[in-house]
1. Please report, to one decimal in angstroms, the Kirkwood hydrodynamic radius of region 253-387 built from all distinct Cα-Cα pairs.
2. In the chain, what percent of the accessible surface is made up of carbon and sulfur (1.4 Å probe, ligands and nucleic acids excluded)?
3. Among the aspartates and glutamates, which fall within straight-line cross-link reach of residue 495, defined as a Cα-Cα distance under 16 Å, with same-chain neighbours fewer than 8 residues apart omitted?
4. Using 0.36 nm per residue of separation minus the Cα-Cα distance, give me the extension gain between residue 119 and residue 514 in nm, one decimal.
5. Top to bottom by accessible area (1.4 Å), largest first, where do 294, 34 land?
6. Run the simple label-point estimate for residue 309 and residue 24 please: 7 Å along Cα→C-beta, distance reported in nm.
7. Please report, in whole Å³, the volume per residue of the convex hull around the C-alpha atoms of region 44-131.
8. For a quick protection proxy, order the peptides 117-123, 201-207, 100-106, 81-87 by their average other-Cβ count within 10 Å, most packed first.
Amino acid sequence: MDPEFQKAIQRNPHLGEYVKKFMQGTGTDEPTFMVSLSKDIDRENVNIILPVGDPVFVHLYGTPELGEVNYYGIEPELNSTEKLKYRTILDIVLEKSANEPVPDTEAELKDLITKLLNSSVDVGAGGKVDEESSGKFKFIQKFIPVQKKVPLTQGEYNKLLYHIERDIIGSGPIEPIIRDPYLEDISSIGVDNIFIVHKIFDTIKTDLTFGDEQGLDNWLRSMSERIGRPVSDARPIADGALPDGSRINIIYPIDVSKRGSSFTMRKFSEVPVSIIQLINWGALSAEMAAYMWMCLENGMSIFFSGETASGKTTMLNACLAFVNPRAKVFSAEDTAEVQPPQPVWQQLITREEGPPESRVDTFALLKAALRSRPNYIIVGEIRGAEGNVAFQGMQTGHPVLATFHASAVSKMIQRLTADPINVPVTFIDNLNIAMILSAVYRKGKFLRRALAIEEIEGYYEEIGGVATRAVFQWEPDTDVHKFRGLNNSYILEDKIATKLGYEDKRAIYQDLFLRAKILEEMRSRGIEDYYDVLEILVNFYKHGIEGLPFSI
(Lines give C-alpha, C1' and ligand atoms only; values in the text may rest on other atoms or scores of the structure.)
Protein backbone atom coordinates (compact mmCIF):
# COMPACT_ATOMS: atom_id res chain seq x y z
CA MET A 1 0.00 0.00 0.00
CA ASP A 2 1.15 3.53 -0.79
CA PRO A 3 2.77 5.06 2.36
CA GLU A 4 0.63 8.18 2.08
CA PHE A 5 -2.47 6.00 1.78
CA GLN A 6 -1.45 4.13 4.95
CA LYS A 7 -0.97 7.39 6.84
CA ALA A 8 -4.35 8.66 5.66
CA ILE A 9 -6.05 5.47 6.93
CA GLN A 10 -4.24 5.72 10.27
CA ARG A 11 -5.51 9.28 10.71
CA ASN A 12 -8.98 8.42 9.41
CA PRO A 13 -10.18 4.92 10.44
CA HIS A 14 -13.43 5.39 8.53
CA LEU A 15 -11.40 5.50 5.29
CA GLY A 16 -9.91 2.07 6.00
CA GLU A 17 -13.36 0.69 6.82
CA TYR A 18 -14.76 2.08 3.57
CA VAL A 19 -11.94 0.64 1.42
CA LYS A 20 -12.22 -2.80 3.03
CA LYS A 21 -15.98 -2.90 2.57
CA PHE A 22 -15.74 -1.70 -1.04
CA MET A 23 -13.11 -4.29 -2.01
CA GLN A 24 -15.11 -7.11 -0.41
CA GLY A 25 -18.33 -5.99 -2.07
CA THR A 26 -16.93 -5.55 -5.57
CA GLY A 27 -14.01 -7.97 -5.63
CA THR A 28 -11.80 -5.24 -7.07
CA ASP A 29 -8.21 -4.35 -6.35
CA GLU A 30 -7.20 -1.75 -3.80
CA PRO A 31 -7.94 1.79 -5.04
CA THR A 32 -5.03 3.98 -6.12
CA PHE A 33 -4.38 6.88 -3.75
CA MET A 34 -3.79 10.08 -5.78
CA VAL A 35 -3.43 13.61 -4.42
CA SER A 36 -4.03 15.16 -7.87
CA LEU A 37 -5.64 14.11 -11.13
CA SER A 38 -4.48 14.45 -14.71
CA LYS A 39 -6.55 14.91 -17.85
CA ASP A 40 -4.85 11.85 -19.42
CA ILE A 41 -6.31 9.44 -16.83
CA ASP A 42 -7.84 6.30 -18.35
CA ARG A 43 -11.53 7.18 -18.05
CA GLU A 44 -12.75 3.63 -18.64
CA ASN A 45 -10.82 2.00 -15.79
CA VAL A 46 -10.90 4.29 -12.79
CA ASN A 47 -10.40 3.32 -9.15
CA ILE A 48 -9.00 6.33 -7.34
CA ILE A 49 -9.18 7.68 -3.80
CA LEU A 50 -8.68 11.46 -3.79
CA PRO A 51 -8.04 13.29 -0.48
CA VAL A 52 -9.93 16.59 -0.28
CA GLY A 53 -9.02 17.55 3.32
CA ASP A 54 -9.20 15.24 6.36
CA PRO A 55 -11.48 13.57 7.25
CA VAL A 56 -13.06 13.73 3.78
CA PHE A 57 -12.12 11.73 0.67
CA VAL A 58 -13.62 11.12 -2.76
CA HIS A 59 -13.72 7.72 -4.47
CA LEU A 60 -13.95 7.67 -8.29
CA TYR A 61 -14.76 4.23 -9.66
CA GLY A 62 -15.61 3.10 -13.17
CA THR A 63 -15.12 0.09 -15.44
CA PRO A 64 -15.97 -0.66 -19.09
CA GLU A 65 -18.77 -2.92 -17.78
CA LEU A 66 -20.29 -0.08 -15.77
CA GLY A 67 -19.95 2.27 -18.73
CA GLU A 68 -19.61 5.29 -16.46
CA VAL A 69 -17.65 6.70 -13.55
CA ASN A 70 -19.33 6.63 -10.14
CA TYR A 71 -18.60 9.26 -7.50
CA TYR A 72 -18.62 8.38 -3.80
CA GLY A 73 -18.11 10.78 -0.92
CA ILE A 74 -16.20 9.29 2.05
CA GLU A 75 -16.67 10.97 5.42
CA PRO A 76 -17.21 9.82 9.02
CA GLU A 77 -20.65 8.20 9.27
CA LEU A 78 -22.88 8.31 12.34
CA ASN A 79 -24.69 5.21 13.53
CA SER A 80 -28.18 5.44 15.02
CA THR A 81 -26.90 6.06 18.58
CA GLU A 82 -24.44 8.71 17.38
CA LYS A 83 -27.19 10.42 15.37
CA LEU A 84 -29.28 10.70 18.53
CA LYS A 85 -26.33 12.13 20.44
CA TYR A 86 -25.63 14.50 17.55
CA ARG A 87 -29.15 15.95 17.58
CA THR A 88 -29.05 16.32 21.37
CA ILE A 89 -25.66 18.00 21.41
CA LEU A 90 -26.49 20.26 18.45
CA ASP A 91 -29.60 21.52 20.27
CA ILE A 92 -27.49 22.23 23.39
CA VAL A 93 -24.78 24.02 21.38
CA LEU A 94 -27.29 26.18 19.50
CA GLU A 95 -29.09 27.06 22.73
CA LYS A 96 -25.84 28.09 24.44
CA SER A 97 -24.71 30.08 21.41
CA ALA A 98 -27.51 32.60 22.02
CA ASN A 99 -25.57 33.86 25.06
CA GLU A 100 -22.26 34.23 23.21
CA PRO A 101 -20.91 37.20 21.21
CA VAL A 102 -21.41 36.88 17.45
CA PRO A 103 -18.11 35.67 15.85
CA ASP A 104 -16.56 37.97 13.25
CA THR A 105 -14.65 35.31 11.31
CA GLU A 106 -14.97 31.64 10.41
CA ALA A 107 -11.99 30.85 12.67
CA GLU A 108 -13.73 32.51 15.62
CA LEU A 109 -16.91 30.57 14.82
CA LYS A 110 -14.93 27.30 14.87
CA ASP A 111 -13.40 28.21 18.22
CA LEU A 112 -16.86 29.01 19.59
CA ILE A 113 -18.25 25.66 18.37
CA THR A 114 -15.34 23.87 20.03
CA LYS A 115 -15.89 25.75 23.29
CA LEU A 116 -19.64 25.04 23.37
CA LEU A 117 -19.15 21.41 22.41
CA ASN A 118 -16.53 20.89 25.12
CA SER A 119 -18.90 22.31 27.72
CA SER A 120 -21.68 19.96 26.60
CA VAL A 121 -19.99 16.56 26.51
CA ASP A 122 -17.98 14.19 28.69
CA VAL A 123 -15.24 12.45 26.69
CA GLY A 124 -13.94 9.13 28.05
CA ALA A 125 -13.47 8.16 31.67
CA GLY A 126 -11.57 11.34 32.55
CA GLY A 127 -14.10 13.64 30.97
CA LYS A 128 -11.44 15.43 28.90
CA VAL A 129 -10.74 15.88 25.21
CA ASP A 130 -7.57 14.27 23.88
CA GLU A 131 -5.88 17.38 22.47
CA GLU A 132 -3.18 15.52 20.55
CA SER A 133 -5.53 13.15 18.71
CA SER A 134 -8.12 15.77 17.77
CA GLY A 135 -5.58 18.42 16.81
CA LYS A 136 -8.28 21.08 16.81
CA PHE A 137 -8.19 22.68 20.22
CA LYS A 138 -6.34 25.52 21.82
CA PHE A 139 -7.38 24.59 25.29
CA ILE A 140 -8.79 21.77 27.45
CA GLN A 141 -11.88 22.76 29.36
CA LYS A 142 -12.73 21.42 32.81
CA PHE A 143 -16.12 19.76 32.75
CA ILE A 144 -19.11 20.14 35.04
CA PRO A 145 -20.65 16.95 36.54
CA VAL A 146 -21.04 14.09 34.08
CA GLN A 147 -24.81 13.75 34.51
CA LYS A 148 -25.29 17.19 32.90
CA LYS A 149 -23.32 16.23 29.80
CA VAL A 150 -23.60 13.82 26.92
CA PRO A 151 -21.06 10.98 27.35
CA LEU A 152 -18.84 10.35 24.31
CA THR A 153 -15.89 8.21 23.39
CA GLN A 154 -12.95 9.97 21.73
CA GLY A 155 -13.97 8.51 18.35
CA GLU A 156 -17.54 9.75 18.76
CA TYR A 157 -16.26 13.17 19.74
CA ASN A 158 -14.15 13.46 16.59
CA LYS A 159 -17.07 12.37 14.39
CA LEU A 160 -19.55 14.71 16.04
CA LEU A 161 -17.20 17.69 15.89
CA TYR A 162 -16.81 17.12 12.14
CA HIS A 163 -20.57 16.86 11.57
CA ILE A 164 -21.40 19.93 13.67
CA GLU A 165 -18.77 22.04 11.87
CA ARG A 166 -19.89 20.59 8.53
CA ASP A 167 -23.54 21.50 9.10
CA ILE A 168 -23.04 24.91 10.74
CA ILE A 169 -20.04 26.26 8.85
CA GLY A 170 -19.63 23.92 5.90
CA SER A 171 -21.98 22.65 3.21
CA GLY A 172 -23.80 19.86 4.99
CA PRO A 173 -24.33 16.61 3.05
CA ILE A 174 -22.56 17.93 -0.06
CA GLU A 175 -19.34 18.79 1.82
CA PRO A 176 -17.26 16.11 0.00
CA ILE A 177 -18.00 17.50 -3.45
CA ILE A 178 -17.66 21.12 -2.33
CA ARG A 179 -14.10 20.31 -1.22
CA ASP A 180 -13.26 18.60 -4.52
CA PRO A 181 -10.87 20.92 -6.44
CA TYR A 182 -12.03 19.37 -9.74
CA LEU A 183 -15.66 20.35 -9.26
CA GLU A 184 -17.21 22.81 -11.72
CA ASP A 185 -20.85 22.81 -10.69
CA ILE A 186 -23.50 20.85 -8.83
CA SER A 187 -27.10 20.21 -9.83
CA SER A 188 -29.63 18.61 -7.50
CA ILE A 189 -33.25 17.77 -8.21
CA GLY A 190 -34.95 16.34 -5.16
CA VAL A 191 -33.36 14.42 -2.31
CA ASP A 192 -31.06 11.92 -4.09
CA ASN A 193 -30.42 13.23 -7.61
CA ILE A 194 -27.15 15.08 -6.98
CA PHE A 195 -25.03 15.43 -10.11
CA ILE A 196 -21.75 17.24 -10.63
CA VAL A 197 -19.82 18.52 -13.63
CA HIS A 198 -16.24 17.35 -13.09
CA LYS A 199 -13.21 18.90 -14.78
CA ILE A 200 -11.85 15.46 -15.73
CA PHE A 201 -14.88 13.15 -15.93
CA ASP A 202 -17.63 15.53 -17.15
CA THR A 203 -21.12 14.85 -15.71
CA ILE A 204 -21.24 12.31 -12.86
CA LYS A 205 -24.01 11.18 -10.52
CA THR A 206 -22.93 11.10 -6.87
CA ASP A 207 -24.06 8.83 -4.04
CA LEU A 208 -24.76 11.80 -1.75
CA THR A 209 -28.23 12.39 -0.35
CA PHE A 210 -30.11 14.83 1.83
CA GLY A 211 -31.95 11.95 3.51
CA ASP A 212 -35.52 13.13 3.05
CA GLU A 213 -37.54 16.12 1.79
CA GLN A 214 -37.32 17.81 5.19
CA GLY A 215 -33.55 17.48 5.20
CA LEU A 216 -33.31 19.01 1.72
CA ASP A 217 -35.70 21.85 2.53
CA ASN A 218 -33.82 22.66 5.74
CA TRP A 219 -30.54 22.75 3.81
CA LEU A 220 -31.96 25.02 1.12
CA ARG A 221 -33.36 27.44 3.70
CA SER A 222 -29.97 27.52 5.43
CA MET A 223 -28.11 28.22 2.16
CA SER A 224 -30.58 30.91 1.11
CA GLU A 225 -30.11 32.66 4.46
CA ARG A 226 -26.33 32.60 3.93
CA ILE A 227 -26.72 34.52 0.66
CA GLY A 228 -29.11 36.97 2.32
CA ARG A 229 -32.11 35.94 0.19
CA PRO A 230 -34.25 33.54 2.28
CA VAL A 231 -36.58 31.27 0.34
CA SER A 232 -40.12 30.53 1.47
CA ASP A 233 -43.45 29.55 -0.01
CA ALA A 234 -43.99 33.26 -0.75
CA ARG A 235 -40.52 33.67 -2.31
CA PRO A 236 -39.70 30.32 -3.94
CA ILE A 237 -36.65 31.33 -5.99
CA ALA A 238 -33.34 32.74 -4.79
CA ASP A 239 -30.05 33.46 -6.54
CA GLY A 240 -26.82 34.76 -5.06
CA ALA A 241 -23.24 34.13 -3.95
CA LEU A 242 -22.10 32.09 -0.95
CA PRO A 243 -19.31 33.39 1.31
CA ASP A 244 -16.65 31.52 -0.72
CA GLY A 245 -17.90 33.16 -3.93
CA SER A 246 -19.73 30.11 -5.29
CA ARG A 247 -22.97 30.99 -7.06
CA ILE A 248 -26.18 29.20 -6.10
CA ASN A 249 -29.67 29.23 -7.59
CA ILE A 250 -32.48 27.71 -5.49
CA ILE A 251 -36.01 26.68 -6.52
CA TYR A 252 -37.69 25.79 -3.26
CA PRO A 253 -41.21 24.37 -2.84
CA ILE A 254 -42.60 21.20 -4.40
CA ASP A 255 -45.54 23.06 -5.95
CA VAL A 256 -43.06 25.06 -8.07
CA SER A 257 -40.39 22.38 -8.60
CA LYS A 258 -42.50 19.27 -9.19
CA ARG A 259 -39.67 16.73 -8.87
CA GLY A 260 -38.61 18.16 -5.54
CA SER A 261 -36.85 21.30 -4.37
CA SER A 262 -33.73 21.88 -6.46
CA PHE A 263 -30.57 23.93 -6.68
CA THR A 264 -27.65 24.57 -8.99
CA MET A 265 -24.29 25.70 -7.63
CA ARG A 266 -21.32 26.91 -9.64
CA LYS A 267 -18.07 26.47 -7.76
CA PHE A 268 -15.90 29.56 -7.33
CA SER A 269 -12.22 29.12 -8.11
CA GLU A 270 -9.95 31.25 -5.94
CA VAL A 271 -7.22 31.15 -8.59
CA PRO A 272 -8.52 31.81 -12.12
CA VAL A 273 -7.75 29.44 -14.95
CA SER A 274 -4.83 30.84 -16.95
CA ILE A 275 -4.80 31.45 -20.68
CA ILE A 276 -2.01 28.83 -20.99
CA GLN A 277 -4.24 26.21 -19.36
CA LEU A 278 -7.00 27.05 -21.81
CA ILE A 279 -4.56 26.69 -24.71
CA ASN A 280 -3.40 23.34 -23.31
CA TRP A 281 -7.02 22.18 -23.06
CA GLY A 282 -7.68 23.18 -26.67
CA ALA A 283 -10.23 25.87 -25.83
CA LEU A 284 -8.36 28.28 -28.12
CA SER A 285 -5.06 28.45 -29.99
CA ALA A 286 -1.96 30.46 -29.11
CA GLU A 287 -2.67 32.76 -32.11
CA MET A 288 -6.21 33.40 -30.85
CA ALA A 289 -4.85 34.23 -27.39
CA ALA A 290 -2.24 36.54 -28.95
CA TYR A 291 -5.00 38.27 -30.92
CA MET A 292 -6.98 38.83 -27.71
CA TRP A 293 -3.79 40.09 -26.06
CA MET A 294 -3.30 42.76 -28.75
CA CYS A 295 -6.97 43.77 -28.69
CA LEU A 296 -7.11 44.13 -24.90
CA GLU A 297 -3.76 45.92 -24.82
CA ASN A 298 -5.20 48.48 -27.25
CA GLY A 299 -8.60 49.18 -25.71
CA MET A 300 -11.00 47.12 -27.82
CA SER A 301 -14.51 46.32 -26.54
CA ILE A 302 -15.17 42.58 -26.47
CA PHE A 303 -18.17 40.37 -25.70
CA PHE A 304 -17.65 36.75 -24.64
CA SER A 305 -20.82 35.14 -25.95
CA GLY A 306 -22.21 31.64 -25.77
CA GLU A 307 -24.74 29.34 -24.20
CA THR A 308 -24.94 28.44 -20.51
CA ALA A 309 -21.83 26.63 -19.19
CA SER A 310 -19.83 27.34 -22.35
CA GLY A 311 -16.92 28.84 -20.40
CA LYS A 312 -17.62 32.54 -20.95
CA THR A 313 -16.59 33.79 -17.50
CA THR A 314 -13.58 31.45 -17.37
CA MET A 315 -12.34 32.82 -20.71
CA LEU A 316 -13.02 36.42 -19.65
CA ASN A 317 -11.04 36.00 -16.42
CA ALA A 318 -8.13 34.37 -18.26
CA CYS A 319 -8.02 37.18 -20.84
CA LEU A 320 -8.08 39.92 -18.18
CA ALA A 321 -4.39 39.18 -17.58
CA PHE A 322 -3.78 40.83 -20.98
CA VAL A 323 -5.14 44.20 -19.83
CA ASN A 324 -2.49 46.79 -18.95
CA PRO A 325 -1.55 46.27 -15.26
CA ARG A 326 -1.81 50.05 -14.72
CA ALA A 327 -5.38 50.19 -16.04
CA LYS A 328 -8.22 51.44 -13.84
CA VAL A 329 -10.89 48.75 -13.95
CA PHE A 330 -14.52 48.84 -12.80
CA SER A 331 -16.71 45.71 -12.72
CA ALA A 332 -20.50 45.58 -12.33
CA GLU A 333 -22.19 42.25 -11.55
CA ASP A 334 -25.17 40.57 -9.92
CA THR A 335 -22.87 37.94 -8.42
CA ALA A 336 -19.13 38.38 -7.95
CA GLU A 337 -17.43 36.23 -10.59
CA VAL A 338 -14.90 38.32 -12.53
CA GLN A 339 -11.38 38.52 -11.09
CA PRO A 340 -9.30 41.26 -12.71
CA PRO A 341 -5.66 41.15 -11.57
CA GLN A 342 -5.17 44.91 -11.93
CA PRO A 343 -4.46 46.62 -8.57
CA VAL A 344 -6.83 49.53 -9.34
CA TRP A 345 -10.08 47.57 -9.48
CA GLN A 346 -13.43 48.76 -8.18
CA GLN A 347 -15.84 45.85 -7.72
CA LEU A 348 -19.52 46.83 -7.84
CA ILE A 349 -22.33 44.40 -6.93
CA THR A 350 -26.08 44.86 -7.34
CA ARG A 351 -28.38 45.01 -4.31
CA GLU A 352 -31.79 43.45 -4.89
CA GLU A 353 -33.10 43.37 -1.33
CA GLY A 354 -34.63 46.10 0.81
CA PRO A 355 -37.01 48.98 0.01
CA PRO A 356 -37.26 49.92 -3.69
CA GLU A 357 -35.40 53.19 -3.15
CA SER A 358 -32.40 51.35 -1.68
CA ARG A 359 -32.02 48.77 -4.45
CA VAL A 360 -29.17 49.07 -6.93
CA ASP A 361 -29.29 47.34 -10.31
CA THR A 362 -26.63 46.86 -12.99
CA PHE A 363 -27.96 49.89 -14.89
CA ALA A 364 -27.24 52.15 -11.89
CA LEU A 365 -23.81 50.57 -11.31
CA LEU A 366 -22.78 51.18 -14.91
CA LYS A 367 -23.83 54.82 -14.76
CA ALA A 368 -21.77 55.24 -11.58
CA ALA A 369 -18.80 53.50 -13.20
CA LEU A 370 -18.89 55.82 -16.23
CA ARG A 371 -18.61 58.86 -13.97
CA SER A 372 -15.40 57.42 -12.48
CA ARG A 373 -13.51 57.50 -15.81
CA PRO A 374 -12.23 53.91 -15.79
CA ASN A 375 -9.94 52.53 -18.48
CA TYR A 376 -12.05 49.37 -18.67
CA ILE A 377 -15.60 48.49 -17.64
CA ILE A 378 -16.50 44.84 -17.10
CA VAL A 379 -20.13 43.73 -17.00
CA GLY A 380 -20.68 40.27 -15.53
CA GLU A 381 -23.58 39.63 -17.90
CA ILE A 382 -25.63 41.92 -20.13
CA ARG A 383 -29.32 41.04 -20.09
CA GLY A 384 -31.37 44.24 -20.15
CA ALA A 385 -31.32 48.03 -20.24
CA GLU A 386 -27.79 48.10 -18.84
CA GLY A 387 -26.69 47.03 -22.34
CA ASN A 388 -27.64 50.49 -23.60
CA VAL A 389 -25.46 52.11 -20.94
CA ALA A 390 -22.59 49.79 -21.87
CA PHE A 391 -22.80 50.94 -25.50
CA GLN A 392 -22.93 54.57 -24.39
CA GLY A 393 -19.73 53.88 -22.48
CA MET A 394 -18.11 52.47 -25.62
CA GLN A 395 -19.16 55.56 -27.58
CA THR A 396 -17.45 57.81 -25.05
CA GLY A 397 -14.18 55.88 -25.27
CA HIS A 398 -14.54 53.39 -22.40
CA PRO A 399 -13.73 49.84 -23.53
CA VAL A 400 -16.33 47.39 -22.25
CA LEU A 401 -15.88 43.66 -21.63
CA ALA A 402 -18.93 41.53 -20.92
CA THR A 403 -20.43 38.05 -21.10
CA PHE A 404 -23.57 37.53 -23.15
CA HIS A 405 -26.00 34.67 -23.82
CA ALA A 406 -26.06 34.02 -27.57
CA SER A 407 -24.67 31.12 -29.60
CA ALA A 408 -23.69 33.13 -32.70
CA VAL A 409 -22.86 36.71 -33.67
CA SER A 410 -26.09 37.07 -35.65
CA LYS A 411 -28.14 36.00 -32.62
CA MET A 412 -26.10 38.30 -30.37
CA ILE A 413 -26.92 41.27 -32.60
CA GLN A 414 -30.59 40.27 -32.70
CA ARG A 415 -30.73 40.23 -28.90
CA LEU A 416 -28.84 43.49 -28.55
CA THR A 417 -31.14 45.36 -30.90
CA ALA A 418 -34.42 43.90 -29.56
CA ASP A 419 -36.31 44.37 -26.28
CA PRO A 420 -35.30 44.79 -23.52
CA ILE A 421 -31.77 45.94 -24.51
CA ASN A 422 -32.72 48.08 -27.53
CA VAL A 423 -29.30 49.16 -28.80
CA PRO A 424 -29.80 50.95 -32.16
CA VAL A 425 -28.39 48.76 -34.91
CA THR A 426 -26.26 51.67 -36.16
CA PHE A 427 -24.47 51.69 -32.76
CA ILE A 428 -23.43 48.03 -32.91
CA ASP A 429 -19.99 48.84 -34.35
CA ASN A 430 -19.03 50.41 -31.01
CA LEU A 431 -18.52 46.77 -30.04
CA ASN A 432 -15.34 45.61 -31.75
CA ILE A 433 -15.12 41.87 -31.20
CA ALA A 434 -17.26 38.89 -30.22
CA MET A 435 -15.72 35.61 -29.08
CA ILE A 436 -18.27 32.81 -29.48
CA LEU A 437 -17.88 29.92 -27.04
CA SER A 438 -19.65 26.59 -26.71
CA ALA A 439 -19.65 23.29 -24.84
CA VAL A 440 -19.37 20.75 -27.65
CA TYR A 441 -19.71 16.97 -27.72
CA ARG A 442 -16.90 15.45 -29.79
CA LYS A 443 -15.93 11.78 -30.01
CA GLY A 444 -17.80 10.96 -26.82
CA LYS A 445 -16.35 13.81 -24.78
CA PHE A 446 -17.72 17.17 -23.72
CA LEU A 447 -15.26 19.94 -24.56
CA ARG A 448 -15.31 23.70 -24.23
CA ARG A 449 -14.19 25.50 -27.34
CA ALA A 450 -13.99 29.03 -28.70
CA LEU A 451 -15.94 28.47 -31.91
CA ALA A 452 -14.99 31.79 -33.47
CA ILE A 453 -13.65 35.27 -32.99
CA GLU A 454 -15.59 37.71 -35.14
CA GLU A 455 -14.85 41.37 -35.80
CA ILE A 456 -17.74 43.81 -36.10
CA GLU A 457 -17.21 46.33 -38.88
CA GLY A 458 -20.48 48.22 -38.78
CA TYR A 459 -23.95 48.69 -40.20
CA TYR A 460 -24.24 49.10 -43.98
CA GLU A 461 -27.51 50.14 -45.58
CA GLU A 462 -26.56 48.49 -48.88
CA ILE A 463 -26.47 45.05 -47.22
CA GLY A 464 -29.30 45.89 -44.82
CA GLY A 465 -27.42 44.78 -41.73
CA VAL A 466 -24.21 44.58 -39.75
CA ALA A 467 -21.05 43.36 -41.49
CA THR A 468 -18.89 40.99 -39.45
CA ARG A 469 -15.63 39.21 -40.24
CA ALA A 470 -14.57 35.85 -38.79
CA VAL A 471 -10.83 36.07 -38.06
CA PHE A 472 -10.64 32.71 -36.23
CA GLN A 473 -12.85 29.67 -36.65
CA TRP A 474 -12.88 26.25 -35.00
CA GLU A 475 -13.04 23.24 -37.31
CA PRO A 476 -14.85 20.40 -35.51
CA ASP A 477 -13.52 17.63 -37.80
CA THR A 478 -9.89 18.30 -36.87
CA ASP A 479 -10.38 20.19 -33.57
CA VAL A 480 -8.15 22.96 -34.93
CA HIS A 481 -8.60 26.73 -34.83
CA LYS A 482 -7.93 28.35 -38.23
CA PHE A 483 -6.59 31.91 -38.51
CA ARG A 484 -8.77 33.17 -41.36
CA GLY A 485 -7.99 36.81 -40.66
CA LEU A 486 -4.30 36.70 -41.59
CA ASN A 487 -3.66 39.83 -43.73
CA ASN A 488 -7.40 40.44 -43.62
CA SER A 489 -8.20 41.70 -40.09
CA TYR A 490 -10.24 44.86 -39.89
CA ILE A 491 -9.48 45.37 -36.17
CA LEU A 492 -5.74 44.70 -36.39
CA GLU A 493 -5.12 46.73 -39.54
CA ASP A 494 -7.72 49.53 -39.52
CA LYS A 495 -8.05 50.00 -35.75
CA ILE A 496 -4.90 48.94 -33.88
CA ALA A 497 -2.21 49.47 -36.56
CA THR A 498 -3.70 52.88 -37.40
CA LYS A 499 -3.79 53.85 -33.73
CA LEU A 500 -0.14 52.78 -33.25
CA GLY A 501 1.01 54.63 -36.38
CA TYR A 502 2.29 51.69 -38.44
CA GLU A 503 3.50 52.72 -41.90
CA ASP A 504 2.88 49.19 -43.15
CA LYS A 505 -0.32 48.06 -41.46
CA ARG A 506 0.41 44.41 -42.14
CA ALA A 507 3.49 44.59 -39.91
CA ILE A 508 0.96 44.32 -37.06
CA TYR A 509 0.81 40.56 -37.70
CA GLN A 510 4.49 40.25 -36.70
CA ASP A 511 3.51 41.65 -33.29
CA LEU A 512 0.74 39.08 -33.07
CA PHE A 513 3.08 36.19 -33.93
CA LEU A 514 5.64 37.45 -31.39
CA ARG A 515 3.01 37.26 -28.67
CA ALA A 516 1.95 33.81 -29.88
CA LYS A 517 5.59 32.67 -29.57
CA ILE A 518 5.73 33.99 -25.99
CA LEU A 519 2.58 32.05 -25.11
CA GLU A 520 3.87 28.90 -26.83
CA GLU A 521 7.16 29.19 -24.97
CA MET A 522 5.30 29.39 -21.64
CA ARG A 523 3.30 26.36 -22.67
CA SER A 524 6.37 24.32 -23.69
CA ARG A 525 8.08 25.16 -20.40
CA GLY A 526 5.05 24.10 -18.34
CA ILE A 527 4.38 27.65 -17.10
CA GLU A 528 0.61 27.58 -16.64
CA ASP A 529 -0.20 28.76 -13.11
CA TYR A 530 -2.29 31.92 -13.41
CA TYR A 531 0.02 34.10 -11.32
CA ASP A 532 3.18 32.79 -12.99
CA VAL A 533 1.68 33.62 -16.38
CA LEU A 534 0.53 37.01 -15.11
CA GLU A 535 4.01 37.87 -13.85
CA ILE A 536 5.51 37.24 -17.30
CA LEU A 537 2.81 39.34 -18.99
CA VAL A 538 3.33 42.23 -16.56
CA ASN A 539 7.10 42.15 -17.08
CA PHE A 540 6.57 42.18 -20.85
CA TYR A 541 4.39 45.29 -20.45
CA LYS A 542 7.13 46.97 -18.42
CA HIS A 543 10.31 45.88 -20.23
CA GLY A 544 9.35 44.28 -23.54
CA ILE A 545 11.26 41.20 -24.72
CA GLU A 546 14.07 41.99 -22.27
CA GLY A 547 11.64 41.41 -19.40
CA LEU A 548 10.95 37.79 -20.39
CA PRO A 549 12.54 34.97 -18.35
CA PHE A 550 13.42 33.15 -21.59
CA SER A 551 14.66 34.09 -25.05
CA ILE A 552 12.38 34.26 -28.08
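1. On the way: mean 1/r = 0.0597 Å⁻¹.
When all Cα pairs of region 253-387 are included, the Kirkwood radius is 16.8 Å.
2. 49
3. The reachable aspartates and glutamates, counting only those whose Cα sits under 16 Å from residue 495, are 297, 429, 454, 455, 457, 503, 504, 511.
4. Gain on stretching residue 119 to residue 514: 135.6 nm.
5. 34, 294
6. Once both label points are built, they end up 3.8 nm from each other.
7. 164
8. Numbers: 117-123: 21.6, 201-207: 17.0, 100-106: 10.0, 81-87: 14.3.
Ranked by mean Cβ neighbours within 10 Å, highest first: 117-123, 201-207, 81-87, 100-106.
The values are calculated or read from the model by the stated rules, or taken from the named source; none is laboratory data. The model shown is predicted, which means the values in this text are computed figures rather than measured ones. Cβ atoms come from the backbone with ideal geometry, glycine included; neighbour counts cover every protein chain shown. Accessible surface areas use protein heavy atoms only, side chains included; no ligands, DNA or RNA. Shrake-Rupley method; radii C 1.70, N 1.55, O 1.52, S 1.80 Å.
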